[in-house]
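Asks: Shown below is the structure under consideration.
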Amino acid sequence: MRQHKTSTRREFLGFAGSAAALGAVPIVTLRPAEATPAMLAAAIRNVVGEAPVQTGKVKLEIPPLVENGNTVPMTVSVASPVTPDDYVRSIHVFNEKNPQPNIGNFYLGPRAGRAQVSTRIRLADSQKIVAIARLADGSFWSISADVVVTLAACTEEVI
Amino acid sequence: MVSALINVPKKAKRGEIIEIKTLMSHIMETGYRHTATGAIVPRDIITGFTCRYNGAEIFRADLFPAIAANPFITFFTVATESGKFDFEWIGDNGFSETASASIIVE
C-alpha cells in the first residue's frame, strides 16, 4: 500500500516538466533523512528524562486518514482536573517520520481551565503521532495514534 | 493587512472557562524543501508563541517546522477578571508580531 518515496504526483510532474524541457536527464533526488523511531525515542527522552511514561489520561484527536499532509487538524486533551495544585504543566507532541521528530511543546498551567490544545500540523508520511502530557506531580502520560497520509508535506519540491 | 486573527469572547462570567483561538499568517517554510534545481529553501518559521492575561503568562508554545502554515492554536483559560490578553509570536529572521484582545468579566 505504501507509495515509493519518490513517486508523489507533484514530484513526478515536476520532473516530467523539467525532463521535457531539457531532454532526457538522469533523475537524482536528494532527500533529507527522515526521523527514525530512534530519533523519536531520543526526542521523547529529551523531554521526559529518565521518568517513566505511563499510557493513558491523554486523548489525541486526529483523523486516521488524511488526504493532504500539509494541514492536519489535531487536538490533544488530558483527563486531569485543573486546580491550583493539580494541573497539566505541558503537552508535547512528536512524530515518527517527518524530517524532525518534534511537532510542538505547549505549556499550560493552573489557569488553563481545561487541559486541551488544538493546532494544525504537517505530516510527511503515514506514521505514528505521540502525545505526552506532564502533570503537576511530575508524572508523564502518553497516547499514540496512527495516521495514513496520501499527500505528504514538508519535503515536496517548490515548483 | 491584518496578520493575526484572535477570537476571545467579549464577555464572560467570572470563573467561566473560555476558549481562545489564534491564527497568525506565516509561511512556516520548513527548511526541508528544495527547488527544482536542488537548492534548499531556507527555514523560516515561527518558533514561539505566548499568551498573557493581564500581564501573567497563561499559555506558551514552542513551534517546529511540523506546524502547518499560518499557525492556528486554540487553548483555554479561566475568566478571572476584566482586562486584556496579549499575544506574541516570535520566529526566524527576526519575526515578531503582537496582538491583543480585551474581555469584560462580570
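Asks: With N set to the number of residues, divide the alpha-carbon radius of gyration of the range B:6-50 by 2.2 N^0.38 Å and report two decimals.
Replies: On the way: Rg = 18.3 Å, N = 45, 2.2 N^0.38 = 9.3 Å.
Normalised by 2.2 N^0.38 Å, the Cα Rg of the range B:6-50 equals 1.96.
Asks: For Cα pairs less than 8 Å apart in space and 6+ apart in sequence, what is the mean separation divided by the residue count of the range A:67-126, i.e. the relative contact order in percent? The partial results should precede the final answer.
Replies: Numbers: 105 pairs, mean separation 28.5, N = 60.
This gives 48 percent for the range A:67-126.
Asks: Follow-up. To the nearest whole number, what is the average tally of beta carbon atoms from other chains within 10 Å of the beta carbons of peptide B:73-82?
Replies: Details: counts 6, 5, 11, 10, 7, 6, 1, 2, 0, 0.
Partner-chain Cβ atoms within 10 Å, mean over residues of B:73-82: 5.
Asks: Under 20 Å Cα to Cα from B:Lys11, which aspartates and glutamates show up? Leave out anything in the same chain fewer than 8 places away.
Replies: Partners within reach: B:Glu19, B:Glu81, B:Asp86, B:Glu106.
Asks: On average, how many beta carbons from a partner chain sit within 10 Å of the beta carbon of a residue in B:53-59? Display every interim value, and only then the final one.
Replies: Working: counts 1, 0, 0, 2, 3, 7, 7.
Across B:53-59, the average partner-chain Cβ count within 10 Å equals 3.
Asks: Right, something else. Over the range B:12-106, what is the mean sequence separation of C-alpha contacts under 8 Å (at least six apart), divided by residue count, expressed as relative contact order in percent?
Replies: Details: 208 pairs, mean separation 33.1, N = 95.
Averaging sequence separation for qualifying contacts and normalising by length gives 35 percent for the range B:12-106.
Asks: Mind computing the radius of gyration and Dmax over the alpha-carbon atoms of the range A:73-157? Å is fine for both.
Replies: Calculated on Cα positions, Rg and Dmax stand at 14.2, 49 Å.
Asks: Check which residues have an amide H placed less than 5 Å from B:Met28's amide H, if you skip close sequence neighbours.
Replies: Excluding prolines and chain starts, which carry no amide H, the hits are B:Ile46, B:Asn70.
Asks: As a test of understanding, state the convex hull volume per residue of chain B from its alpha carbons, in Å³.
Replies: Values: hull volume 9.8 nm³, N = 106.
Once divided by residue count, the hull of chain B is 93 Å³.
Asks: A further question follows. What does the structure give for B:34-42 when I average, per residue, the other chain Cβ atoms found within 10 Å of the residue Cβ?
Replies: Counting other chains' Cβ atoms within 10 Å and averaging over B:34-42 gives 4.
Asks: Antiparallel DSSP bridges in the range A:48-157: what percent, to the nearest 5? Working shown, then result.
Replies: Working: 30 of 36 bridges.
Within the range A:48-157, antiparallel bridges account for around 85 percent of the total.
Asks: Applying a 10 Å radius around every beta-carbon, put A:112-123, B:72-83 in order of their mean neighbour count, most first.
Replies: Working: A:112-123: 23.1, B:72-83: 18.6.
Ranking the peptides A:112-123, B:72-83 by packing returns A:112-123, B:72-83.
Asks: Here's a follow-up. Lysines near A:Lys59 by alpha-carbon distance under 17 Å, same-chain residues fewer than 8 away left out - which ones?
Replies: The qualifying lysines are A:Lys128.
Asks: Could you put A:Leu40, A:Leu151 in order, starting from the residue whose Cβ has the fewest other Cβ atoms within 10 Å? Intermediate values should be presented prior to the final figure.
Replies: Working: A:Leu40 21, A:Leu151 15.
With the fewest neighbours first, A:Leu40, A:Leu151 line up as A:Leu151, A:Leu40.
Just so you know, all these numbers are worked out from the coordinates, no wet-lab data involved. Computed from a prediction, not measured in an experiment: that's the story for all the values here. When we count neighbours, we look across all protein chains shown, and the Cβ atoms used for this are built from the backbone with ideal geometry, even at glycine.
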